[in-house]
Structure formats: structure tokens, C-alpha cells
Amino acid sequence: MKAKKVFLFFASALLALYLVLLALNYFGIVYPVEGVSMEPLLWNGYLAFVGPAKISQLIPNSSIIVYYNPFYNELVIHMVIKKIDNYAVIVKGVNKITNPYPDLNYTSGTPLLVTQNMIKGVVLFWVPYLGYVLLPPYSYLVFLIFVAAVLLNAF
């Protein structure tokens, strides 16, 4: 009987963590890292915490930003490698094998100019593995664990 209550407590805490992270993601405070383009700095499953970013404050080869890439139709986490007159930045992943070149504008074949309105934030710090909670299929497991705990305690 005690094991059931411990499992229910664990499942409830995991669900609460998931809901908090989901809310923080919705409000643009955290983003899970998905993919290998930022390895060995940021690994798949890391959770990046971001703050407001102005192009004038970004530092080439140091600042990592989250931005909307219109060609992928998704958010991307990459490092700023060049600033263009505080109007735009050029970014790329740090993985030299998977990202040997800057992110491209696929219409013109030139580097993509990331403007202020495309930037969601600058990465302030990250937490290893916590991003998995927001990434499928792991996010689905949170609900399965919670449902299993509730059903286990019901019988």
C-alpha cells in the first residue's frame, strides 16, 4: 500500500514539473534542445533558459539565440557568428560536422539574416536532460506514468 502512495506522489510531482515547464515554454522562457547542431555545447534533451535579446547586445561567437527560421518553420537554437550593423545577425550550429556553414536563406542561397523580430531570446543558461520532459515521446510518458499511478491506487 505504501509503495502505491509513493508511486502516486512521484507521478504527481512529475506531472507538476511537466506542466510548469510547459507553461514556461509557452511563455518563451524555456526551450528544449532538439538535435545535434549545437553539440558539444548543447546536447539533445538539454533545457535552455532564455532572456530578452537585442541585436546590439549580442556577441559574435559567444551569444546563443533562439530564433524562428522561416525556411524550417520552427524555432532554432544557434550561435551568433556575425553582426550586421545592429540590424541582423548570422547564425550557425557549433557542430562542425553537421553545420559547416551558416544557416542559409534557401531562396537566395546566401546566409540567413536573422532580424530582431525573428529572435525569441538569448540563452542565459541550460540544464542537462530536463528538456526531455518536453520532447516526444518522453512527454507522453509523463501522462502514462500519471495515469498508471492513478489506476494503481484506484484498485
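Points to keep in mind about this one:
- You can think of it this way: the chain between residue 29 and residue 17 has 2.9 nm of extra reach, that is 0.36 nm per residue less the Cα-Cα gap.
- Remark: the residue 36-residue 95 segment gains 20.5 nm on full extension, using 0.36 nm per residue and subtracting the alpha carbon distance.
- Expressed as a whole percent, the accessible surface of the chain that belongs to carbon and sulfur atoms is 67, based on a 1.4 Å probe.
- Binned Cα-Cα distance frequencies in the range 30-73 - 10 Å width, integer %: 22, 53, 25
- Modelled spin labels at residue 86 and residue 57, positioned 7 Å past Cα toward Cβ, are 1.4 nm from each other.
- Taking each DSSP H run with n ≥ 4 as -39500 (n - 2.57) and averaging over every residue of the chain yields -9500 deg cm²/dmol at 222 nm.
- Zone of residue 153's modelled label, taken as backbone nitrogen in the range 6-46 under 19 Å from a point 7 Å along Cα→Cβ: 6-20
- Close amide-amide hydrogen proximity is noted between residue 121 and 66, each under 5 Å apart and 5 or more residues distant or on a separate chain (H modeled in the peptide plane; Pro and chain starts excluded).
- Note on the chain: Lys pairs 8 or more places apart or on different chains, Cα atoms under 23 Å apart, count 11.
- Sparse-neighbourhood loop sites, trypsin sites (Lys or Arg not before Pro) in the range 88-155 - DSSP loop, at most 16 other Cβ within 10 angstrom: 96
- Cα-based convex hull volume of the chain per residue, rounded to whole Å³: 115
- In Å, descending, principal axis extents of the Cα set of the range 61-124: 26, 24, 23
The values are calculated or read from the model by the stated rules, or taken from the named source; none is laboratory data. What you see is a predicted model, and the numbers here were worked out from it, not measured in a lab. All Cβ positions, even for glycine, are placed from backbone atoms using ideal geometry, and neighbour counts span all protein chains on display. Heads up: the accessible areas ignore ligands, DNA and RNA and are worked out on the full protein's heavy atoms, side chains in. Shrake-Rupley method; radii C 1.70, N 1.55, O 1.52, S 1.80 Å.
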